[in-house]
Every structure is written in structure tokens, then in C-alpha cells.
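Just so you know, all these numbers are worked out from the coordinates, no wet-lab data involved. From a predicted model like this one, the values you see are computed outputs, not experimental measurements. Neighbour counts are summed over all protein chains in view; Cβ atoms, including those assigned to glycine, are modelled from backbone coordinates with ideal geometry.
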Amino acid sequence: AQSVTQLDSQVPVFEEAPVELRCNYSSSVSVYLFWYVQYPNQGLQLLLKYLSGSTLVKGINGFEAEFNKSQTSFHLRKPSVHISDTAEYFCAVSRGGTGFQKLVFGTGTRLLVSP
Amino acid sequence: EAQVTQNPRYLITVTGKKLTVTCSQNMNHEYMSWYRQDPGLGLRQIYYSMNVEVTDKGDVPEGYKVSRKEKRNFPLILESPSPNQTSLYFCASWDRAVGDTQYFGPGTRLTVL
């Protein structure tokens, strides 16, 4: 069964610094991988997704993620964060290539950007 | 404007009193889903629907019912709520299995006393 581990529950960072949010997954089959962002008191918004092809995926708001099959990781990165990036970020894996139908989410990482 | 709406946004109720949380989307999406979000657990899928009259269980379906009689609506029904169903609930919709994106509603915070 697929599972997702987000190792950091909280990541504090200063504005304009780079950030990496870590995500590892376990699966014995091909997977689709996703990153979502949740701003305070809002629903989730899809940042980016990996389905196949290039292992470097670019998303909205300047975020990107790299799929590493050998390390079963899908870490999210941004070279320079803004105060407005303060939010909770969720990594998710799709079971059996079912797309959005059957997602398994990680427990989330809270990104705290300070001036 | 493309959106998913949920009602109510906040609800406090008592154990055993049946309630319905509505979800509606205006994008003519085939797929819809319900999730619950709990601290330290992330989001877990309750039910999803692939089209009208086609639904399937997610990871935590116990204590919940759904129906999909119209394409735009996907209500979540708690026939006998219990305190362990206190949670933040999200509805989502999307067009194809891995469509462009998945749209989420604003959430419904439910407290069962």
C-alpha cells in the first residue's frame, strides 16, 4: 500500500531564503505525485503534479519539485520565499495510477516565512 | 467563476442528530470527492464519485453516506454523528482522472458534542 511521509512538521525560514520541503513515498508500483498548498482558512490548491516524463516539475508561484525514483522522494523547492508563502503544504501520492481518484496525503508541513 | 461551494461552513451539533453537508460545483466535473482533515493526520478520503449514481468508498467511509443524483451536487450525510466525526471537511471536484487540476471547496468545520 502506498504511504507518504513528510518528515518536517514545521519549517521556519526567512524571507528571500531558499526552502526545501521533504516528501518520501512508498510504493511498489508506478505512482503519480502531487504537492498541494493550504493557506489559512482555505481549501487546498494544487501546486504541481508529476505523472511521467521529466523528473523536474515546475508549478505555480515559483515552486518546483524533483521526482527521484531511486530515493522514492518528491521534494518541493523554492529558490526565494515570500511572506505570502506562509501556509501548510501537503504531499500526496495516487494509488495505482488512479490520478485524483484515490489520493494518499502526507501529514503536512507548515512553512513559516518571517521577515 | 469556477468554484466548489460547501454549506454550512461551520456547524455545531449533538451526537445522533442527522445532518447533511452540501457540496456543489459549477464546472460540470465528472469526479467529486469528500475528505476529512484532522491534525497530524493530513487529509483522508471518505467517499468519491466518478459520475452520477457512481460512488465508491475511500479510506474512512464508516459513519458517512453520500449520493450523486445530479452531476453538480455531492452531499455528505452523517446519519448519526458521533464526537469522533468532529473534523474539517473538504469537498473537491475535477474533470478527468488526472485532469488539469483538482478544485477544493472552502471547508466545513463540524463539531459534534
Report, by residue number, each residue of region B:44-69 that is assigned to a strand (DSSP E or B), farther than 20 Å from A:ARG95 by Cα and of a type outside the set (A, V, I, L, M). B:LYS65
Restricting attention to region A:75-115, the residues that are among the polar types (S, T, N, Q) and either in a helix (DSSP H, G or I) or within 11 Å of chain B (Cβ to nearest Cβ) (or both) number exactly 6
In the list A:SER54, A:SER26, A:SER9, which residue meets the criterion of being surrounded by fewer than 12 Cβ atoms within 10 Å (Cβ to Cβ), more than 10 Å from chain B (Cβ to nearest Cβ) and over 28 Å from B:GLU30 (Cα atoms)? A:SER54
Residue satisfying all of: in region B:34-48; at the interface with chain A (Cβ under 10 Å from one of its Cβ atoms) and in contact with a Ser or Thr (Cβ under 7 Å, 6 or more places away or on another chain); surrounded by the fewest Cβ atoms within 10 Å (Cβ to Cβ) among these: B:GLY40
Tally, over region B:9-30, of residues that are closer than 17 Å to B:TYR89 by Cα and surrounded by 13 or more Cβ atoms within 10 Å (Cβ to Cβ): 10
Return the pairs, sorted by first residue and then second, in which the second residue is among the acidic types (Asp, Glu) and in a loop (DSSP other than H, G, I, E, B), the first residue lies in region A:69-80 and is in contact (Cβ under 8 Å) with a residue 24 or more places away in the chain, the beta carbons are less than 8 Å apart, and the residues are 6+ apart or on different chains. A:SER80/A:GLU16
